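*Asks:* Before we start, here is the structure in question, set down as C-alpha coordinates.
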Amino acid sequence: MRPPLRVWGVVGFLILLHFGLHLSLGLGESAPDLLVVALLIAAREVDIGRGAGLGFFLGLLDDAFSVLAFGANTFAMTLVGIGGARTRDLFVGDSLFFLTSYLVLGKWMRDFLHWIAAGEGLRESFVDTMLVQSSISAAYAGVVGLVVIAISGLGWETVR
Amino acid sequence: MPNYKSDANGSRRAQGGLVSSGFFVLSVIALCLPDPSQDEVASLLRGSLLRPFVLAQEGLVRRSIHAEGTEVLQGRLDSLEAVIANTNTLSEENDRLRGLLTLSNRNPAQYVAASVIRSGTPGSEGMFVLNKGTRDGVTNDSPVIMGRGLLGRVLEAQATRATAMDWTHPQFAVSTMTEDGSIYGMVEANPGRFREADRLLLDGVPFQEELEPGVALVTSGLGGVYPRGIPIGVVIEESDAQEGWKRSYWLRPFVSPGEATHANVLVSNDGELRDANSWSEGGAVVAGPATLPDETDSGTPDTEASTRR
(Lines give C-alpha, C1' and ligand atoms only; values in the text may rest on other atoms or scores of the structure.)
Protein backbone atom coordinates (compact mmCIF):
# COMPACT_ATOMS: atom_id res chain seq x y z
CA MET A 1 0.00 0.00 0.00
CA ARG A 2 1.21 3.46 -0.82
CA PRO A 3 0.24 6.25 1.56
CA PRO A 4 -0.57 9.63 0.01
CA LEU A 5 2.21 12.16 -0.14
CA ARG A 6 0.17 14.40 2.10
CA VAL A 7 0.66 11.94 4.97
CA TRP A 8 4.44 12.13 4.64
CA GLY A 9 4.18 15.90 4.36
CA VAL A 10 2.22 16.10 7.61
CA VAL A 11 4.61 13.67 9.32
CA GLY A 12 7.64 15.67 8.19
CA PHE A 13 6.07 18.92 9.33
CA LEU A 14 5.22 17.45 12.75
CA ILE A 15 8.77 16.15 13.20
CA LEU A 16 10.23 19.56 12.39
CA LEU A 17 7.71 21.26 14.67
CA HIS A 18 8.41 18.81 17.50
CA PHE A 19 12.14 19.45 17.55
CA GLY A 20 11.58 23.14 16.89
CA LEU A 21 9.39 23.43 19.98
CA HIS A 22 11.20 21.00 22.27
CA LEU A 23 14.78 21.63 21.27
CA SER A 24 15.10 25.02 19.57
CA LEU A 25 12.61 26.87 21.75
CA GLY A 26 13.35 24.67 24.78
CA LEU A 27 9.67 24.37 25.74
CA GLY A 28 10.11 20.86 27.14
CA GLU A 29 6.95 19.24 28.44
CA SER A 30 4.82 22.30 27.84
CA ALA A 31 4.94 21.41 24.13
CA PRO A 32 3.00 18.33 23.01
CA ASP A 33 4.72 15.13 21.91
CA LEU A 34 4.29 15.64 18.18
CA LEU A 35 6.55 12.72 17.29
CA VAL A 36 4.08 10.23 18.66
CA VAL A 37 1.20 12.11 17.01
CA ALA A 38 3.05 11.90 13.68
CA LEU A 39 3.74 8.22 14.20
CA LEU A 40 0.16 7.39 15.14
CA ILE A 41 -1.25 9.29 12.17
CA ALA A 42 1.21 7.67 9.74
CA ALA A 43 0.79 4.20 11.24
CA ARG A 44 -2.87 4.19 10.20
CA GLU A 45 -1.86 4.85 6.62
CA VAL A 46 1.19 2.64 6.08
CA ASP A 47 1.91 -1.07 6.33
CA ILE A 48 3.29 -2.62 9.48
CA GLY A 49 6.90 -2.65 8.26
CA ARG A 50 6.94 1.05 7.46
CA GLY A 51 5.12 1.79 10.72
CA ALA A 52 7.86 -0.03 12.63
CA GLY A 53 10.58 1.67 10.58
CA LEU A 54 9.15 5.12 11.17
CA GLY A 55 8.79 4.39 14.88
CA PHE A 56 12.38 3.17 15.04
CA PHE A 57 13.70 6.27 13.27
CA LEU A 58 11.69 8.73 15.38
CA GLY A 59 12.61 6.91 18.59
CA LEU A 60 16.26 7.05 17.68
CA LEU A 61 16.01 10.82 17.15
CA ASP A 62 14.34 11.14 20.56
CA ASP A 63 17.11 9.06 22.11
CA ALA A 64 19.86 11.35 20.83
CA PHE A 65 19.61 13.35 24.07
CA SER A 66 18.92 10.41 26.33
CA VAL A 67 22.32 9.22 27.46
CA LEU A 68 21.42 6.88 30.31
CA ALA A 69 18.16 5.50 28.92
CA PHE A 70 19.38 5.28 25.35
CA GLY A 71 17.20 2.92 23.32
CA ALA A 72 14.12 3.24 25.53
CA ASN A 73 12.47 5.72 23.16
CA THR A 74 13.46 3.64 20.13
CA PHE A 75 11.99 0.52 21.69
CA ALA A 76 8.77 2.27 22.71
CA MET A 77 8.23 4.08 19.40
CA THR A 78 8.94 0.96 17.34
CA LEU A 79 6.30 -0.99 19.25
CA VAL A 80 3.82 1.89 18.99
CA GLY A 81 4.47 2.04 15.22
CA ILE A 82 3.79 -1.68 14.93
CA GLY A 83 0.72 -1.45 17.16
CA GLY A 84 -0.64 1.57 15.29
CA ALA A 85 -0.35 -0.20 11.96
CA ARG A 86 -1.97 -3.31 13.41
CA THR A 87 -5.00 -1.34 14.64
CA ARG A 88 -5.96 -0.81 11.00
CA ASP A 89 -6.63 -4.53 10.75
CA LEU A 90 -8.49 -4.62 14.03
CA PHE A 91 -10.48 -1.34 14.06
CA VAL A 92 -12.03 0.12 10.95
CA GLY A 93 -13.88 3.05 12.49
CA ASP A 94 -13.05 6.69 12.18
CA SER A 95 -15.40 8.08 14.80
CA LEU A 96 -14.28 10.93 16.97
CA PHE A 97 -14.35 8.62 19.97
CA PHE A 98 -12.17 6.05 18.24
CA LEU A 99 -9.62 8.59 17.03
CA THR A 100 -9.41 10.27 20.42
CA SER A 101 -8.96 6.92 22.15
CA TYR A 102 -6.41 5.85 19.55
CA LEU A 103 -4.27 8.95 19.99
CA VAL A 104 -4.55 9.12 23.78
CA LEU A 105 -3.92 5.41 24.32
CA GLY A 106 -1.10 5.46 21.76
CA LYS A 107 0.71 8.22 23.60
CA TRP A 108 0.05 6.64 27.00
CA MET A 109 1.31 3.29 25.75
CA ARG A 110 4.45 4.94 24.37
CA ASP A 111 5.17 6.48 27.78
CA PHE A 112 4.44 3.18 29.50
CA LEU A 113 6.84 1.26 27.23
CA HIS A 114 9.48 3.95 27.78
CA TRP A 115 8.92 3.71 31.54
CA ILE A 116 9.49 -0.06 31.40
CA ALA A 117 12.51 0.11 29.10
CA ALA A 118 14.21 2.98 30.95
CA GLY A 119 15.31 0.59 33.68
CA GLU A 120 14.84 0.54 37.42
CA GLY A 121 17.52 3.10 38.17
CA LEU A 122 15.85 5.87 36.20
CA ARG A 123 12.25 4.79 36.74
CA GLU A 124 10.08 7.00 38.88
CA SER A 125 6.95 5.84 40.68
CA PHE A 126 4.22 4.38 38.48
CA VAL A 127 1.48 6.47 40.03
CA ASP A 128 3.22 9.81 39.54
CA THR A 129 4.72 9.07 36.14
CA MET A 130 2.09 7.01 34.40
CA LEU A 131 -1.17 7.82 36.11
CA VAL A 132 -0.62 11.55 36.55
CA GLN A 133 2.01 12.95 34.19
CA SER A 134 1.50 10.55 31.28
CA SER A 135 -2.28 10.77 31.45
CA ILE A 136 -2.10 14.54 31.17
CA SER A 137 0.41 14.46 28.32
CA ALA A 138 -1.63 11.74 26.56
CA ALA A 139 -4.75 13.90 26.72
CA TYR A 140 -2.69 16.84 25.45
CA ALA A 141 -1.31 14.78 22.55
CA GLY A 142 -4.82 13.49 21.78
CA VAL A 143 -6.29 16.97 21.47
CA VAL A 144 -3.36 18.18 19.37
CA GLY A 145 -3.61 15.08 17.18
CA LEU A 146 -7.27 15.72 16.49
CA VAL A 147 -6.50 19.31 15.56
CA VAL A 148 -3.72 18.16 13.23
CA ILE A 149 -6.02 15.63 11.54
CA ALA A 150 -8.78 18.20 11.22
CA ILE A 151 -6.66 20.88 9.60
CA SER A 152 -4.40 18.66 7.53
CA GLY A 153 -7.29 17.07 5.65
CA LEU A 154 -5.97 13.55 5.83
CA GLY A 155 -9.29 12.14 4.76
CA TRP A 156 -10.62 11.27 8.17
CA GLU A 157 -14.07 12.66 7.47
CA THR A 158 -15.51 12.42 10.97
CA VAL A 159 -12.99 14.83 12.38
CA ARG A 160 -13.21 17.21 9.48
CA MET B 1 -10.67 8.03 7.38
CA PRO B 2 -9.98 6.17 4.18
CA ASN B 3 -11.89 3.05 3.48
CA TYR B 4 -10.66 -0.08 5.07
CA LYS B 5 -7.65 -1.29 3.11
CA SER B 6 -6.53 -4.84 3.51
CA ASP B 7 -3.24 -6.12 2.21
CA ALA B 8 -4.59 -8.57 -0.33
CA ASN B 9 -1.21 -9.91 -1.14
CA GLY B 10 -0.30 -12.43 1.54
CA SER B 11 3.38 -12.35 0.74
CA ARG B 12 3.50 -8.58 1.17
CA ARG B 13 1.83 -9.02 4.50
CA ALA B 14 4.41 -11.58 5.55
CA GLN B 15 7.14 -9.27 4.28
CA GLY B 16 5.74 -6.44 6.39
CA GLY B 17 5.71 -8.73 9.40
CA LEU B 18 9.33 -9.66 8.80
CA VAL B 19 10.40 -6.04 8.39
CA SER B 20 8.59 -4.99 11.55
CA SER B 21 10.18 -7.88 13.45
CA GLY B 22 13.54 -6.74 12.14
CA PHE B 23 12.99 -3.20 13.42
CA PHE B 24 11.80 -4.57 16.75
CA VAL B 25 14.99 -6.61 17.08
CA LEU B 26 17.03 -3.53 16.11
CA SER B 27 15.27 -1.49 18.80
CA VAL B 28 16.12 -4.14 21.40
CA ILE B 29 19.72 -4.12 20.18
CA ALA B 30 19.78 -0.31 20.53
CA LEU B 31 18.56 -0.74 24.09
CA CYS B 32 21.27 -3.29 24.91
CA LEU B 33 24.19 -1.62 23.13
CA PRO B 34 27.24 -0.95 25.29
CA ASP B 35 27.50 2.62 26.54
CA PRO B 36 30.29 3.75 24.17
CA SER B 37 28.33 2.58 21.12
CA GLN B 38 25.17 4.27 22.40
CA ASP B 39 27.12 7.49 22.90
CA GLU B 40 28.50 7.26 19.37
CA VAL B 41 25.05 6.86 17.82
CA ALA B 42 23.62 9.66 19.95
CA SER B 43 26.55 11.96 19.10
CA LEU B 44 26.14 11.20 15.42
CA LEU B 45 22.46 12.14 15.51
CA ARG B 46 23.08 15.28 17.55
CA GLY B 47 25.82 16.36 15.20
CA SER B 48 23.90 15.69 11.99
CA LEU B 49 20.10 15.55 11.80
CA LEU B 50 19.45 17.46 15.01
CA ARG B 51 22.26 19.98 14.62
CA PRO B 52 20.08 22.70 13.02
CA PHE B 53 17.71 22.57 16.00
CA VAL B 54 20.56 22.77 18.49
CA LEU B 55 22.08 25.71 16.61
CA ALA B 56 18.69 27.43 16.54
CA GLN B 57 18.40 27.10 20.31
CA GLU B 58 21.89 28.49 20.79
CA GLY B 59 20.92 31.48 18.68
CA LEU B 60 17.72 32.03 20.63
CA VAL B 61 19.48 31.76 23.98
CA ARG B 62 22.01 34.32 22.80
CA ARG B 63 19.27 36.68 21.69
CA SER B 64 17.33 36.31 24.92
CA ILE B 65 20.46 37.15 26.91
CA HIS B 66 21.00 40.25 24.82
CA ALA B 67 17.40 41.22 25.43
CA GLU B 68 17.84 40.98 29.18
CA GLY B 69 17.25 44.28 30.96
CA THR B 70 20.29 46.50 31.24
CA GLU B 71 19.33 47.31 34.83
CA VAL B 72 19.63 43.65 35.79
CA LEU B 73 22.96 43.36 34.02
CA GLN B 74 24.17 46.59 35.64
CA GLY B 75 23.19 45.18 39.02
CA ARG B 76 25.18 42.04 38.38
CA LEU B 77 28.15 44.08 37.19
CA ASP B 78 28.08 46.21 40.34
CA SER B 79 27.95 43.08 42.52
CA LEU B 80 30.87 41.56 40.68
CA GLU B 81 32.88 44.76 40.93
CA ALA B 82 32.36 44.72 44.68
CA VAL B 83 33.47 41.09 44.84
CA ILE B 84 36.55 41.81 42.73
CA ALA B 85 37.43 44.86 44.82
CA ASN B 86 37.34 42.75 47.99
CA THR B 87 39.25 39.97 46.33
CA ASN B 88 42.11 42.21 45.27
CA THR B 89 43.05 42.90 48.88
CA LEU B 90 42.82 39.21 49.72
CA SER B 91 44.89 38.39 46.68
CA GLU B 92 47.67 40.74 47.75
CA GLU B 93 47.58 39.35 51.27
CA ASN B 94 47.66 35.84 49.94
CA ASP B 95 50.63 36.54 47.69
CA ARG B 96 52.49 38.18 50.57
CA LEU B 97 51.80 35.30 52.96
CA ARG B 98 52.74 32.75 50.35
CA GLY B 99 55.94 34.65 49.80
CA LEU B 100 56.69 34.54 53.51
CA LEU B 101 56.03 30.82 53.60
CA THR B 102 57.89 30.32 50.31
CA LEU B 103 54.90 28.55 48.83
CA SER B 104 54.46 28.47 45.09
CA ASN B 105 51.34 30.01 43.58
CA ARG B 106 48.25 27.93 43.07
CA ASN B 107 47.35 26.89 39.57
CA PRO B 108 44.73 29.37 38.50
CA ALA B 109 41.35 27.86 37.74
CA GLN B 110 40.13 28.53 34.23
CA TYR B 111 36.54 28.70 33.19
CA VAL B 112 34.98 28.38 29.79
CA ALA B 113 31.64 30.10 29.38
CA ALA B 114 29.07 27.92 27.64
CA SER B 115 25.41 28.02 26.69
CA VAL B 116 23.16 25.44 28.34
CA ILE B 117 20.84 23.67 25.93
CA ARG B 118 18.09 21.36 27.12
CA SER B 119 16.48 18.96 24.68
CA GLY B 120 13.20 18.56 26.55
CA THR B 121 12.77 15.05 25.17
CA PRO B 122 11.70 12.03 27.25
CA GLY B 123 14.61 10.36 29.00
CA SER B 124 16.79 13.45 28.95
CA GLU B 125 15.71 14.73 32.36
CA GLY B 126 18.62 16.04 34.36
CA MET B 127 20.76 16.28 31.24
CA PHE B 128 21.83 19.23 29.13
CA VAL B 129 24.15 20.02 26.26
CA LEU B 130 26.91 22.62 26.36
CA ASN B 131 28.06 24.40 23.24
CA LYS B 132 31.72 24.00 24.19
CA GLY B 133 33.80 20.87 23.84
CA THR B 134 37.29 19.46 23.93
CA ARG B 135 38.54 22.21 21.59
CA ASP B 136 37.85 24.68 24.40
CA GLY B 137 39.44 22.48 27.04
CA VAL B 138 36.27 20.80 28.28
CA THR B 139 36.85 17.17 29.23
CA ASN B 140 34.78 14.34 30.64
CA ASP B 141 33.94 15.06 34.31
CA SER B 142 34.64 18.80 34.04
CA PRO B 143 32.56 20.53 36.75
CA VAL B 144 29.84 22.87 35.48
CA ILE B 145 29.25 25.92 37.63
CA MET B 146 26.66 28.66 37.56
CA GLY B 147 26.81 32.03 39.23
CA ARG B 148 26.18 30.83 42.77
CA GLY B 149 27.49 27.29 42.82
CA LEU B 150 27.74 23.81 41.36
CA LEU B 151 25.31 22.90 38.59
CA GLY B 152 26.67 19.46 37.60
CA ARG B 153 29.41 17.85 35.59
CA VAL B 154 30.24 16.92 32.01
CA LEU B 155 29.48 13.32 31.10
CA GLU B 156 30.80 13.22 27.59
CA ALA B 157 32.88 15.85 25.82
CA GLN B 158 33.11 16.00 22.05
CA ALA B 159 35.05 18.39 19.85
CA THR B 160 32.59 21.29 19.90
CA ARG B 161 29.90 20.04 22.30
CA ALA B 162 29.55 18.33 25.62
CA THR B 163 26.76 16.42 27.28
CA ALA B 164 26.41 17.09 30.98
CA MET B 165 24.17 16.25 33.91
CA ASP B 166 22.86 18.58 36.58
CA TRP B 167 22.40 17.80 40.27
CA THR B 168 18.84 16.50 39.76
CA HIS B 169 20.19 13.52 37.83
CA PRO B 170 19.80 10.20 39.68
CA GLN B 171 23.51 9.45 39.29
CA PHE B 172 24.72 12.78 40.64
CA ALA B 173 26.90 12.49 43.73
CA VAL B 174 29.59 14.72 45.17
CA SER B 175 31.80 14.57 48.23
CA THR B 176 31.19 17.63 50.38
CA MET B 177 32.34 19.40 53.51
CA THR B 178 31.53 22.43 55.57
CA GLU B 179 33.41 25.58 54.64
CA ASP B 180 35.88 25.12 57.49
CA GLY B 181 36.48 21.52 56.42
CA SER B 182 35.46 20.09 59.80
CA ILE B 183 32.55 17.89 58.68
CA TYR B 184 32.48 15.72 55.59
CA GLY B 185 29.68 13.83 53.84
CA MET B 186 28.29 12.77 50.51
CA VAL B 187 25.63 14.74 48.67
CA GLU B 188 23.25 12.93 46.35
CA ALA B 189 20.23 13.88 44.30
CA ASN B 190 16.93 12.97 45.86
CA PRO B 191 14.12 12.96 43.30
CA GLY B 192 10.84 14.40 44.49
CA ARG B 193 7.38 13.26 43.49
CA PHE B 194 7.65 15.77 40.65
CA ARG B 195 10.73 17.28 39.04
CA GLU B 196 10.14 20.58 40.82
CA ALA B 197 10.43 18.82 44.17
CA ASP B 198 13.93 17.43 43.49
CA ARG B 199 16.44 18.32 46.19
CA LEU B 200 19.79 17.31 47.57
CA LEU B 201 20.45 14.99 50.48
CA LEU B 202 23.63 15.15 52.53
CA ASP B 203 24.43 11.70 53.82
CA GLY B 204 27.15 10.11 55.90
CA VAL B 205 27.64 12.83 58.51
CA PRO B 206 29.01 11.25 61.71
CA PHE B 207 26.36 11.00 64.42
CA GLN B 208 28.36 13.06 66.91
CA GLU B 209 28.50 15.98 64.46
CA GLU B 210 25.50 18.23 64.08
CA LEU B 211 24.83 20.80 61.38
CA GLU B 212 22.69 23.85 62.00
CA PRO B 213 20.25 25.08 59.34
CA GLY B 214 21.92 27.65 57.11
CA VAL B 215 25.39 26.08 57.18
CA ALA B 216 26.93 26.29 53.71
CA LEU B 217 28.54 23.25 52.13
CA VAL B 218 31.22 23.14 49.47
CA THR B 219 32.88 20.40 47.46
CA SER B 220 35.62 18.63 49.40
CA GLY B 221 37.83 17.68 46.48
CA LEU B 222 37.78 14.02 47.53
CA GLY B 223 37.04 11.66 44.69
CA GLY B 224 38.99 13.61 42.10
CA VAL B 225 36.07 14.85 40.02
CA TYR B 226 35.12 18.13 41.66
CA PRO B 227 37.84 20.41 42.95
CA ARG B 228 37.71 21.66 46.51
CA GLY B 229 35.66 24.68 47.37
CA ILE B 230 32.74 24.91 44.95
CA PRO B 231 29.56 25.94 46.81
CA ILE B 232 26.80 23.34 46.70
CA GLY B 233 24.02 24.49 49.01
CA VAL B 234 22.91 25.19 52.55
CA VAL B 235 21.47 22.87 55.17
CA ILE B 236 17.72 23.18 55.61
CA GLU B 237 16.95 20.53 58.21
CA GLU B 238 17.85 17.06 59.37
CA SER B 239 16.38 14.22 57.36
CA ASP B 240 14.62 11.22 58.85
CA ALA B 241 16.54 8.98 56.47
CA GLN B 242 19.47 8.44 58.84
CA GLU B 243 20.97 5.01 59.10
CA GLY B 244 23.07 3.66 61.92
CA TRP B 245 25.48 6.15 63.41
CA LYS B 246 25.16 8.60 60.57
CA ARG B 247 23.07 11.71 60.10
CA SER B 248 21.41 12.98 56.94
CA TYR B 249 20.39 16.51 56.07
CA TRP B 250 18.25 18.11 53.39
CA LEU B 251 20.04 20.79 51.42
CA ARG B 252 18.81 23.78 49.48
CA PRO B 253 21.12 23.99 46.43
CA PHE B 254 22.58 27.34 45.48
CA VAL B 255 21.73 26.68 41.85
CA SER B 256 18.39 25.89 40.29
CA PRO B 257 18.90 23.88 37.08
CA GLY B 258 15.82 25.40 35.50
CA GLU B 259 17.45 28.84 35.55
CA ALA B 260 20.54 27.66 33.70
CA THR B 261 20.94 29.22 30.30
CA HIS B 262 24.62 29.97 30.68
CA ALA B 263 27.22 28.22 32.79
CA ASN B 264 30.96 28.11 33.38
CA VAL B 265 32.89 24.92 32.86
CA LEU B 266 35.97 24.49 35.00
CA VAL B 267 38.71 23.26 32.69
CA SER B 268 42.05 21.75 33.54
CA ASN B 269 45.39 23.23 32.61
CA ASP B 270 47.08 20.53 30.58
CA GLY B 271 45.89 17.91 33.00
CA GLU B 272 47.18 19.75 36.05
CA LEU B 273 45.14 19.76 39.21
CA ARG B 274 42.30 22.24 39.13
CA ASP B 275 41.71 24.54 42.01
CA ALA B 276 38.44 26.24 42.76
CA ASN B 277 39.31 27.38 46.25
CA SER B 278 38.94 30.99 45.25
CA TRP B 279 35.20 30.37 45.44
CA SER B 280 35.21 29.98 49.16
CA GLU B 281 38.30 31.81 50.31
CA GLY B 282 37.92 34.73 52.61
CA GLY B 283 35.44 33.09 54.94
CA ALA B 284 32.12 33.42 53.19
CA VAL B 285 31.11 31.66 50.03
CA VAL B 286 31.85 33.93 47.09
CA ALA B 287 28.92 34.36 44.78
CA GLY B 288 30.45 33.40 41.48
CA PRO B 289 33.51 33.52 39.26
CA ALA B 290 35.53 36.66 38.93
CA THR B 291 34.26 37.47 35.48
CA LEU B 292 30.97 37.04 33.72
CA PRO B 293 30.58 34.59 30.87
CA ASP B 294 31.13 36.20 27.53
CA GLU B 295 27.58 36.65 26.38
CA THR B 296 28.49 37.36 22.81
CA ASP B 297 29.83 33.81 22.63
CA SER B 298 32.52 34.79 20.21
CA GLY B 299 34.35 31.52 20.62
CA THR B 300 37.63 33.38 21.12
CA PRO B 301 39.95 33.00 24.10
CA ASP B 302 38.06 35.96 25.62
CA THR B 303 35.39 33.54 26.68
CA GLU B 304 37.75 32.07 29.21
CA ALA B 305 37.48 33.68 32.59
CA SER B 306 40.35 33.11 34.94
CA THR B 307 39.90 33.46 38.65
CA ARG B 308 42.57 35.09 40.65
CA ARG B 309 45.67 33.24 41.73
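The values are calculated or read from the model by the stated rules, or taken from the named source; none is laboratory data. On a predicted model such as this, the values are computed, not experimentally measured, just so you know. Reconstructed Cβ throughout: ideal geometry from the backbone, glycine too, with neighbour counts over all protein chains shown.
*Asks:* Take region A:27-56 and flag every residue that is in contact with a Gly (Cβ under 6 Å, 6 or more places away or on another chain) and either under 20 Å from A:VAL143 (Cα atoms) or at the interface with chain B (Cβ under 8 Å from one of its Cβ atoms) (or both). First the steps, then the outcome.
*Replies:* We begin by selecting, within region A:27-56, every residue in contact with a Gly (Cβ under 6 Å, 6 or more places away or on another chain); these are A:28, A:37, A:39-40, A:43, A:47-49, A:51-52, A:54-55.
Those that are in contact with a Gly (Cβ under 6 Å, 6 or more places away or on another chain) and either under 20 Å from A:VAL143 (Cα atoms) or at the interface with chain B (Cβ under 8 Å from one of its Cβ atoms) (or both): A:GLY28, A:VAL37, A:LEU39, A:LEU40, A:ALA43, A:ASP47, A:ILE48, A:GLY49, A:GLY51, A:ALA52, A:GLY55.
*Asks:* From the list B:VAL218, B:VAL205, B:VAL174, pick out the single residue that is among the β-branched types (Val, Ile, Thr), in contact with a helix residue (DSSP H, G or I) (Cβ under 9 Å, 6 or more places away or on another chain) and assigned to a strand (DSSP E or B).
*Replies:* Values: B:VAL205 fails: in contact with a helix residue (DSSP H, G or I) (Cβ under 9 Å, 6 or more places away or on another chain); B:VAL174 fails: in contact with a helix residue (DSSP H, G or I) (Cβ under 9 Å, 6 or more places away or on another chain).
None of the others qualify; the one that does is B:VAL218.
*Asks:* Looking at (1) more than 30 Å from B:ILE117 (Cβ to Cβ); (2) among the hydrophobic types (A, V, I, L, M, F, W, C); (3) within 14 Å of the chain's Cα centre (by Cα), can you tell me which one A:LEU58 breaks?
*Replies:* (1)
*Asks:* If I ask for residues that are crowded, with 22+ Cβ neighbours inside 10 Å, hydrophobic (A, V, I, L, M, F, W, C) and in a loop (DSSP other than H, G, I, E, B), which ones from region B:221-240 would you list?
*Replies:* Listed by number, the list holds a single entry, B:ILE230.
*Asks:* Within the bounds of region A:90-102, is there any residue that is over 30 Å from B:GLN171 (Cβ atoms), of a type in the set (S, T, N, Q), within 11 Å of chain B (Cβ to nearest Cβ) and out of contact with any strand residue (DSSP E or B) (no Cβ under 6 Å at 6 or more places or on another chain)?
*Replies:* In the first step, residues of region A:90-102 are kept if they are over 30 Å from B:GLN171 (Cβ atoms); the result is A:90-102.
Those left that are additionally of a type in the set (S, T, N, Q): A:95, A:100-101.
Of the ones still in play, those that are also within 11 Å of chain B (Cβ to nearest Cβ) are A:95.
From what's left, out of contact with any strand residue (DSSP E or B) (no Cβ under 6 Å at 6 or more places or on another chain): A:95.
Yes, some residue in region A:90-102 is over 30 Å from B:GLN171 (Cβ atoms), of a type in the set (S, T, N, Q), within 11 Å of chain B (Cβ to nearest Cβ) and out of contact with any strand residue (DSSP E or B) (no Cβ under 6 Å at 6 or more places or on another chain).
*Asks:* Look at region A:103-115 and say how many of its residues are at the interface with chain B (Cβ under 9 Å from one of its Cβ atoms) and among the basic types (Lys, Arg). Don't jump to the end; show me each part of the working.
*Replies:* Step one: filter region A:103-115 for residues at the interface with chain B (Cβ under 9 Å from one of its Cβ atoms), giving A:110-111, A:114.
Of the ones still in play, those that are also among the basic types (Lys, Arg) are A:110.
Total meeting the criteria: 1.
*Asks:* Would you please list the contacts, defined by Cβ atoms under 9 Å and residues six or more apart or on different chains, that run from a residue in region B:120-138 that is without any contact (Cβ under 8 Å) to a residue 24 or more places away in the chain and at the interface with chain A (Cβ under 7 Å from one of its Cβ atoms) to a residue that is surrounded by fewer than 24 Cβ atoms within 10 Å (Cβ to Cβ) and of a type in the set (S, T, N, Q)?
*Replies:* From residues that are without any contact (Cβ under 8 Å) to a residue 24 or more places away in the chain and at the interface with chain A (Cβ under 7 Å from one of its Cβ atoms), the pairs are B:GLY120/A:SER30.
*Asks:* Restricting attention to region B:55-67, and to residues there that are among the hydrophobic types (A, V, I, L, M, F, W, C) and more than 25 Å from A:GLY12 (Cα to Cα), which single residue is farthest from the other protein chains (Cβ to nearest Cβ)? Spell out how you get there, then give the answer.
*Replies:* So in region B:55-67, the residues among the hydrophobic types (A, V, I, L, M, F, W, C) come out as B:55-56, B:60-61, B:65, B:67.
Those left that are additionally more than 25 Å from A:GLY12 (Cα to Cα): B:61, B:65, B:67.
On the way: B:VAL61: 8, B:ILE65: 13, B:ALA67: 15 Å.
Ranking the candidates gives B:ALA67 first.
*Asks:* Tally up the residues in region B:151-163 that are in a strand (DSSP E or B) and at pLDDT below 90, please. Give the derivation first.
*Replies:* Pass one, region B:151-163, residues in a strand (DSSP E or B): B:151-157, B:162-163.
Then keep just the ones that are at pLDDT below 90; that gives B:155-157, B:162-163.
Residues flagged as in a strand (DSSP E or B) and at pLDDT below 90 within region B:151-163 amount to 5.
*Asks:* Might you let me know whether region A:57-73 holds any residue that is more than 7 Å from chain B (Cβ to nearest Cβ), part of a helix (DSSP H, G or I) and out of contact with any Ser or Thr (no Cβ under 8 Å at 6 or more places or on another chain)?
*Replies:* Among the residues of region A:57-73, at least one is more than 7 Å from chain B (Cβ to nearest Cβ), part of a helix (DSSP H, G or I) and out of contact with any Ser or Thr (no Cβ under 8 Å at 6 or more places or on another chain), which makes the answer yes.
*Asks:* Tell me, yes or no, whether region B:13-24 has at least one residue that is modelled with pLDDT under 80 and part of a helix (DSSP H, G or I). So that I can check it myself, show each step before the final result.
*Replies:* Residues of region B:13-24 modelled with pLDDT under 80: B:13.
Now drop any that are not part of a helix (DSSP H, G or I), which leaves B:13.
Yes, some residue in region B:13-24 is modelled with pLDDT under 80 and part of a helix (DSSP H, G or I).
*Asks:* Filter region B:143-169 for residues that are without any contact (Cβ under 8 Å) to a residue 40 or more places away in the chain and away from chain A (no Cβ under 14 Å); which is surrounded by the fewest Cβ atoms within 10 Å (Cβ to Cβ)?
*Replies:* Checking each candidate, the answer is B:ALA159.
*Asks:* Can A:ALA118 be described as within 12 Å of the chain's Cα centre (by Cα), touching a residue at least 40 places away in the same chain (Cβ under 8 Å) and either within 23 Å of A:LEU17 (Cβ to Cβ) or facing another protein chain (nearest Cβ under 10 Å) (or both)?
*Replies:* Working: within 12 Å of the chain's Cα centre (by Cα): no; touching a residue at least 40 places away in the same chain (Cβ under 8 Å): yes; either within 23 Å of A:LEU17 (Cβ to Cβ) or facing another protein chain (nearest Cβ under 10 Å) (or both): yes.
It is false that A:ALA118 is within 12 Å of the chain's Cα centre (by Cα), touching a residue at least 40 places away in the same chain (Cβ under 8 Å) and either within 23 Å of A:LEU17 (Cβ to Cβ) or facing another protein chain (nearest Cβ under 10 Å) (or both).
*Asks:* Counting only residues that are at the interface with chain A (Cβ under 7 Å from one of its Cβ atoms), within 13 Å of A:SER66 (Cβ to Cβ) and among the hydrophobic types (A, V, I, L, M, F, W, C), how many does region B:34-54 have?
*Replies:* Residues flagged as at the interface with chain A (Cβ under 7 Å from one of its Cβ atoms), within 13 Å of A:SER66 (Cβ to Cβ) and among the hydrophobic types (A, V, I, L, M, F, W, C) within region B:34-54 amount to 3.
*Asks:* When the residues of region A:1-54 are narrowed to those that are among the basic types (Lys, Arg) and more than 17 Å from A:SER152 (Cα to Cα), which ends up surrounded by the fewest Cβ atoms within 10 Å (Cβ to Cβ)?
*Replies:* So the first thing to find is which residues in region A:1-54 are among the basic types (Lys, Arg), and the list is A:2, A:6, A:44, A:50.
So of that shortlist, the ones also more than 17 Å from A:SER152 (Cα to Cα) come out as A:2, A:50.
Details: A:ARG2: 8, A:ARG50: 20.
The selected residue is A:ARG2.
*Asks:* What number of residues in region A:19-48 are over 27 Å from B:GLU259 (Cβ atoms) and outside any loop (DSSP other than H, G, I, E, B)?
*Replies:* As a first pass, look at region A:19-48 and keep what is over 27 Å from B:GLU259 (Cβ atoms): A:35-48.
Those left that are additionally outside any loop (DSSP other than H, G, I, E, B): A:35-43, A:48.
Number satisfying all stated conditions: 10.
*Asks:* Taking the options B:GLU40, B:GLU71, B:GLU93, name whichever one is assigned to a helix (DSSP H, G or I), modelled with pLDDT under 80 and acidic (Asp, Glu).
*Replies:* Numbers: B:GLU40 fails: modelled with pLDDT under 80; B:GLU93 fails: modelled with pLDDT under 80.
Selected residue: B:GLU71, the only one of B:GLU40, B:GLU71, B:GLU93 that is assigned to a helix (DSSP H, G or I), modelled with pLDDT under 80 and acidic (Asp, Glu).
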